[in-house]
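Comments concern the structure below.
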Amino acid sequence: DEGTPLDELVEPDDRAALRTAMQSLVDTPLDQVETIYRVPQAGGRVRWIRQTSLPVRDERGRVLRVQGYLIDETRQKQLEASIAGTQDRLFMALESAHLGTWELDMSTGERISSPRVAEIVGLRPEELGTLAQSWIDRVHPYDRDQLDRHVLQQARGGDYVHLEYRVRHREGHYVWVQSYSHVVERDARGRVLRMVGTMKDVSPHKTVQLQRERQTRLLDLLNRAQ
């Protein structure tokens, strides 16, 4: 209704920010100011409003009135909340599965890894480095050919790759990791531009597997010798 103060229409928690934004037009020579606030609706719902305010001044620079342009941002805010919720659930799922994630830019060689990947090799995130070569240098020499073959396979058109290999831990020993990678972007000629993947420390499982394989080979050798 005409004469109703604007801030009385706004969610109580957002009133101070709106008042500050409007007062800044009086106290400073700003040409415009933008603020976002909520307006209560029936049924406990709220409508998000983005308001751009422009002052109309006299020859002395005093504010005579303010012109406001309002945009309904409700749908955008709902999408942001939905995305944030999805990201939180994904993060919890990755953490519960002890999975690290990484992203590789093939054009620059930059590799961005989650803190879990650094933890696998006993490093802090800032110690891991952002170049793919710094990770390759940690790969066991016997496993580098396998890694190269899989990268070449993806470069030739394979989108998904799963492999297990060893990487050097900070303390000097090697840990077994299980990696899934996926090509998410190629150029017009089919060359790989960007890859993403997950990584998990499978050393305990791999140790048991290798022991069983050695025992099987030993029994087979004894049987043939007998």
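At-a-glance table
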quantity	calculated
Count - residues of the range 127-176 that are of a type in the set (Phe, Trp, Tyr), surrounded by fewer than 17 Cβ atoms within 10 Å (Cβ to Cβ) and modelled with pLDDT of 85 or more	1
Every residue from the range 6-29 that is within 19 Å of VAL56 (Cα to Cα) and over 34 Å from the mean Cα position of the chain (by Cα)	LEU6, ARG19, MET22, GLN23, SER24, LEU25, VAL26, ASP27, THR28, PRO29
Conditions (1) loosely packed, with under 11 Cβ neighbours inside 10 Å; (2) touching a strand residue (DSSP E or B) at 6+ places or on another chain (Cβ under 7 Å); number of the one not met by ASP201	(1)
Hits in the range 116-136 (condition: within 20 Å of VAL161 (Cα to Cα) and over 20 Å from the mean Cα position of the chain (by Cα))	GLN133, ILE136
In the range 7-32, the residues that are surrounded by 14 or more Cβ atoms within 10 Å (Cβ to Cβ), in contact with a helix residue (DSSP H, G or I) (Cβ under 9 Å, 6 or more places away or on another chain) and more than 24 Å from GLN78 (Cα to Cα)	ARG19, MET22
Residue within the range 102-119 that is open to solvent by less than 40 Å² (accessible area, probe 1.4 Å), assigned to a helix (DSSP H, G or I), at pLDDT 75 or above and among the hydrophobic types (A, V, I, L, M, F, W, C) present	yes
Qualifying residue in the range 68-86 (condition: in contact with a helix residue (DSSP H, G or I) (Cβ under 9 Å, 6 or more places away or on another chain), part of a loop (DSSP other than H, G, I, E, B) and surrounded by 10 or more Cβ atoms within 10 Å (Cβ to Cβ))	no
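The values are calculated or read from the model by the stated rules, or taken from the named source; none is laboratory data. These numbers were taken from a predicted model, which means no experiment stands behind them. FYI the Cβ positions are ideal-geometry reconstructions off the backbone, even for glycines, and counts take in every protein chain you see. For the accessible areas, the whole protein counts, side chains as well, though only heavy atoms, and no ligand, DNA or RNA atoms are used. Shrake-Rupley method; radii C 1.70, N 1.55, O 1.52, S 1.80 Å.
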